[in-house]
Amino acid sequence: MIDLQPVKGTRDFFPDEMRLRNWLFEVWRNVSEQAGFEEYDTCVLEHEELYVRKTGDEISKQLYSFEDKGGRRLSLRPEMTPSLARLVLQQEKSLSFPIKWFSMPQCFRYERMTKGRRREHFQWNADIIGQHEVVAEAEILMLLISACESMGLSTNDFRVFINDRRILNAILSQINVPQVLHSEVMVIMDKRDKIPPEALSKMLEEMRMTTKQVGQLNEYLSKSDLEELRENLKNTEGIEELQHLMKLMETAGYKNYLQFDISIVRGLSYYTGAVFEVNSPEKQHRAICGGGRYDSLLSTYGGETVPAVGFGFGDVVVLDVLKELERFPELPRKLDYTIIPFANEQIGTALKIAAELRLQGSTVDCNFSMKKMKKMMQQAHESGAAKAILLFPDELSDDKVVIRDMQLHEQKPVRITDLFSSAE
Ligand code: HAM
């Protein structure tokens, strides 16, 4: 017997789970389109080189990569941003910037499996490319907040924790960590919540930081007030940009969702400005969503410097959160009609009625099991049908069928021709 379980870390979606996934996708697609984002997609297979980075990003070590029969090094995509960069570079000359694009790809990472992290997930991505000013961050944050609100989440349930990589750069420069090490140091700093402080300090020292520098860094990272930081740092560009963004968000009416948090780094080395994640106010989950500004990614692929900001919002954590809060939407199976013939000679008529009703836009199933009436009514009920159409021989000989309202448990004969004109 073959193994019937899905590959470790991947999921099967039975119809009940599929309804939930479709609901989530619909929320993502609706809010994206409402905010003027256009949908795009790429193939799940990419050239491996797209993900190879010098900075030791975790993601580059988690690739599902292989050589194809033509000797190409390929990988299943672990994230969408490099593919997006590839698309933009392909049409850089003809695109009218800024562009606002979204996508809902399935991504694969060979992760150590913990709560909220799997080896496959769907990840809604929305990005604005070609906009330098923080209005792009504001639009991006408003989009993801509106998605959370559409799912029934409020300020009691989630926060956007935000920082700016330039603040972290300013801190590292101030304590004399050479610029070339900043990205790698940040990849390590991102592990702060996941590994003990001593192990983290050791990793930083292995990165050629001195014990004194590690101590100074921890001192800075204990500050939670932007103004206090501003007084202590020479380079305050990141702080000013963040304050500007916060002001915009306040004017737009979203202030309560935002919280400055110096511990937010995000693990991807390509972020250059704002970095943010969504979590519960007490941060008790893995990030529901993560993103930031990445102004140099396209230039690392050989293009010009194109400013970009966006996020990835996975399906796994948010569904865990909604489940815990008992906010799963009611998603019963739904059908307008189920047609029930009682003899083989009626099958053709059942198919004909189904075809006509479907043409009129109704959702229609037929039950050809020829089981006992009680069993078929039970199945009609389980199918979520609003009405059952019963093909009793007596009524049929009179060109009629019996329609049963499954909610009211009432039934009446109806002329077949009337059925079509009255179908909604
Ligand atoms: P990321 O922080 O690696 O960013 O992932 C973004 C989100 O994807 C996470 O917050 C989480 O919701 C989900 N996610 C990531 N890995 C897993 C996993 N193994 N299992 C379940 N969910 C996961 C990126 O991927 C960036 N490319 C996002 C981005 C777009 N930045 C700018 N534009």
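For Gly273, neighbours were defined as the other residues whose beta-carbon sits under 14 Å from its Cβ, and their charges (Lys and Arg +1, Asp and Glu -1) total -4. Put simply, when 128-141, 105-118 are sorted by average Cβ atoms within 10 angstrom per residue, most first, you get 128-141, 105-118. One Cα centroid belongs to segment 247-290, the other to segment 346-385; the line between them spans 50 Å. Tell me what the chain gives for mean residue ellipticity at 222 nm when only DSSP H runs of n ≥ 4 count, each as -39,500 (n - 2.57), the sum divided by the residue total, rounded to 500 deg cm²/dmol. Per the formula, -11000 deg cm²/dmol.
Pick from Ala308, Ala126, Ala386: which is most flexible by mean-square fluctuation in a GNM of the chain where alpha carbon atoms under 10 Å apart are linked? For the chain, modelled as a Gaussian network with Cα springs under 10 Å, the answer is Ala386.
Taking every protein chain into account, the accessible area of segment 331-375 amounts to 60 square angstrom per residue (probe 1.4 Å).
Annotation: amide H-H contacts under 5 Å for Ala386 (H modelled 1.01 Å from N, sequence separation of 5 or more, or interchain): Leu335, Asp336, Tyr337. So, with a 1.4 angstrom probe, what is the percent of accessible area on the chain that is carbon and sulfur? Summing carbon and sulfur atoms, their accessible area is 49 percent of the total for the chain. Computing FRET efficiency as 1/(1 + (r/R0)^6) for Arg415 and Glu382, where r is the C-beta to C-beta distance and R0 is 30 Å, gives about 0.55.
Take His244: with every protein chain present and a 1.4 Å probe, its accessible area is about 100 Å². Placing dummy labels 7 Å off each Cα toward the beta-carbon, the span from Lys283 to Lys255 is 2.3 nm.
Over 27 Å between Cα atoms, which of Lys194/Lys223; Lys191/Lys223; Lys8/Lys375; Lys334/Lys412; Lys323/Lys371 qualify? Flagged as over cut-off: Lys8/Lys375; Lys323/Lys371.
Of all the options Leu172, Leu325, Leu351, the one that moves most in a Gaussian network model of the chain with Cα springs shorter than 10 angstrom is Leu351. Positive-end ranking of Ile59, Asn125, Phe97 along the dipole of the chain, with charges on Cβ about the Cα centre, is headed by Ile59.
The values are calculated or read from the model by the stated rules, or taken from the named source; none is laboratory data. Just so we're clear, the structure is a prediction, and the values are computed from it rather than from any experiment. Glycine also receives a Cβ, built like all others from the backbone with ideal geometry; neighbour counts cover every protein chain displayed. Protein only, heavy atoms only, side chains kept; ligands, DNA and RNA dropped before computing areas. Shrake-Rupley method; radii C 1.70, N 1.55, O 1.52, S 1.80 Å.
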